[in-house]
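The values are calculated or read from the model by the stated rules, or taken from the named source; none is laboratory data. This structure is a prediction, so every number in the text was calculated from the model and none was measured. Neighbour counts are summed over all protein chains in view; Cβ atoms, including those assigned to glycine, are modelled from backbone coordinates with ideal geometry. Note: areas computed on protein heavy atoms with side chains; ligands, DNA, RNA excluded. Shrake-Rupley method; radii C 1.70, N 1.55, O 1.52, S 1.80 Å.
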Amino acid sequence: MSVPKSSRRSLDERLAVELGRLREQNLYRVRRVVEGRHGAEIVVEGRRCVGFCSNDYLGLAADPRVAAAARRALDQSGTGSGAAALVSGYNAEHRRLEEALAAFVQRPRALLFSSGWAANLGVLRALLGREDTLIADELNHASLIDGGRLAGARYLRVAHRDLAAYEAALREAPEADALVATDSVFSMDGDLAPLPELARLCAEYRAPLMVDDAHGFGVLGAGGRGAIEHCSTIPDIYVATLGKSLGVAGAFVAGSAALIEYLIQRARTWVFSTAPPPALAAAARRALEIVQAEPERRERLDRNIRRFREGARQLGIPLGLPDSRLPAPDSAAATPIQPLILGAEARALALSRFLFERGYWVAAIRPPTVPPGTSRLRITLSAAHAPEQIDGLLAALRDGLEAERNA
Ligand SMILES: *Cc1c(COP(=O)(O)O)cnc(C)c1O
């Protein structure tokens, strides 16, 4: 029996019900408007505050030298690339950037994508088919999860950082048809994948290893070469983004010449998408030069991370994850992502609001970005933060948690 046409609800009516449900569950999300530039100080909703929730780890998002490189390229090349790269959109700026990126991460070739999301979807869809198996950490970034789904591959989710589970999955998967994919630095937890051990396992079972280094590139390793340098591991497929530590936008895949040539033929998110503006490539190349020339940015970031963690310890602010399934707090020590797990959505929202009143911007992170029951403040540190700003955040966190206990 069919529903009479007149009683069908409109799309907007159905969406309104869904939105109401999200509001009731404290899962409704809104954007806050930023005026002007990113930096330690940021103007949000008309209010100047200190930001602790960007991925601008090295303070390059508003660096005048990077902006100047973009401006020069804009003058020379205009705004648009004009087409997809295979048609007529591949600019000399794109090629220069790809060559610089490949040299930096010491891989034969690199391919520029318009975003990390597009890179992960494009790679997984190109490399995997229905008969293949994707073995992936359960806390991987959403783009790796969706890439696996898009490819239609069999999906084996592995418990977070669990090497025994990886080995069991590899043993089960038919040889040569499995691919292992993991974040290097987990984006909401800040801990590191066990890359050297994973690389050994992958070599043993002859499965390619794909590493998404969005939060490690530019940050980890003395030279900023990310997970490759920090973990002395060379994955078969290396993905990193240009919108985080480099402060620009876009992403790249690095690997063998065969891998890159294959992606040029088959990565649909790359083939059928307009090449990024040449100015963006010029800006990213300038940012990459700064990453290499100014290791003091990583040193400052490292000092800031340590100051924050030590201050939190002294004030009894419980960073990291109490759940034994999740990593010990120590393993997150090296990265700028420092989560304060609060559990309930309302609790994370309330503490975020308290901090905002005090002049600190730390967004509340809720499901589906993190698993249910692990809503949190994802505090991120930057080389741009001054010591007093970190101390101020710590004091505000202490007061917020105390006010919560007394409520
Ligand atoms: C941010 C992020 C992406 C997506 O990159 P965009 O360039 O923002 O699309 C992919 N993977 C991880 C781990 C990320 O943190």
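Would it be correct to say that GLY116 is at positive phi, at pLDDT 95 or above and not polar (S, T, N, Q)? Spell out how you get there, then give the answer.
Working: at positive phi: no; at pLDDT 95 or above: yes; not polar (S, T, N, Q): yes.
For GLY116, the condition - at positive phi, at pLDDT 95 or above and not polar (S, T, N, Q) - is not met.
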Problem set entry | the range 91-113, residues that are of a type in the set (A, V, I, L, M, F, W, C) and either out of contact with any Ser or Thr (no Cβ under 8 Å at 6 or more places or on another chain) or surrounded by fewer than 22 Cβ atoms within 10 Å (Cβ to Cβ) (or both) | ALA92, LEU97, ALA100, LEU101, ALA102, ALA103, PHE104, VAL105, ALA110, LEU111, LEU112
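How many residues does the range 263-289 hold that are among the aromatic types (Phe, Trp, Tyr) and touching a helix residue (DSSP H, G or I) at 6+ places or on another chain (Cβ under 7 Å)?
Narrowing the range 263-289 to residues among the aromatic types (Phe, Trp, Tyr): 270, 272.
Going one step further and asking which of them are touching a helix residue (DSSP H, G or I) at 6+ places or on another chain (Cβ under 7 Å), we end up with 270.
Residues in the range 263-289 being among the aromatic types (Phe, Trp, Tyr) and touching a helix residue (DSSP H, G or I) at 6+ places or on another chain (Cβ under 7 Å): 1 in total.
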Exercise. In the range 100-138, which residues are closer than 22 Å to CYS202 by Cα and within 10 Å of the ligand (Cβ to nearest atom)?
Worked result: ALA119, ASN120, LEU121
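Looking at PHE272, PHE308 in this structure, which one is modelled with pLDDT of 95 or more and not assigned by TED's automatic domain parsing to the domain that holds ALA249?
On the way: PHE272 fails: not assigned by TED's automatic domain parsing to the domain that holds ALA249.
Criteria check complete, one pass: PHE308.
Which of the residues that make up the range 74-90 are outside any loop (DSSP other than H, G, I, E, B), within 27 Å of the chain's Cα centre (by Cα) and surrounded by fewer than 16 Cβ atoms within 10 Å (Cβ to Cβ)?
Start the filter on the range 74-90 by keeping residues that are outside any loop (DSSP other than H, G, I, E, B), which leaves 74-77, 84-89.
If we keep only those that are within 27 Å of the chain's Cα centre (by Cα) as well, we get 84-85, 89.
Within the range 74-90, ALA84 is the sole residue that qualifies.
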Problem set entry | Which numbered condition ASP177 misses (of (1) open to solvent by 20 Å² or more (accessible area, probe 1.4 Å); (2) within 16 Å of the ligand (Cβ to nearest atom); (3) of a type in the set (Asp, Glu)) | (2)
Exercise. Looking at (1) in contact (Cβ under 8 Å) with a residue 40 or more places away in the chain; (2) open to solvent by 60 Å² or more (accessible area, probe 1.4 Å); (3) not assigned by TED's automatic domain parsing to the domain that holds ARG95, which is the only condition GLU18 fails?
Worked result: (1)
For this session: Could you check the range 206-279 for strands (runs of 3 or more DSSP E) lying wholly inside it with 2 or more residues that are in contact with a Cys (Cβ under 9 Å, 6 or more places away or on another chain) and either open to solvent by 10 Å² or more (accessible area, probe 1.4 Å) or within 12 Å of the ligand (Cβ to nearest atom) (or both)?
Result: none
Problem set entry | Meets criteria (surrounded by fewer than 18 Cβ atoms within 10 Å (Cβ to Cβ) and part of a helix (DSSP H, G or I)) for ARG71 | yes
For this session: Filter the range 33-60 for residues that are part of a loop (DSSP other than H, G, I, E, B), open to solvent by 50 Å² or more (accessible area, probe 1.4 Å) and touching a residue at least 40 places away in the same chain (Cβ under 8 Å) and give the result.
Result: HIS38
For this session: Just one of (1) over 21 Å from the mean Cα position of the chain (by Cα); (2) free of Cβ contacts under 8 Å to residues at least 24 places away in the same chain trips up ARG149, so point out which.
Result: (1)
Seminar exercise, completed: GLY147 passes all but one of the listed conditions (1) assigned to a helix (DSSP H, G or I); (2) more than 21 Å from ALA249 (Cβ to Cβ); the exception is number (2)
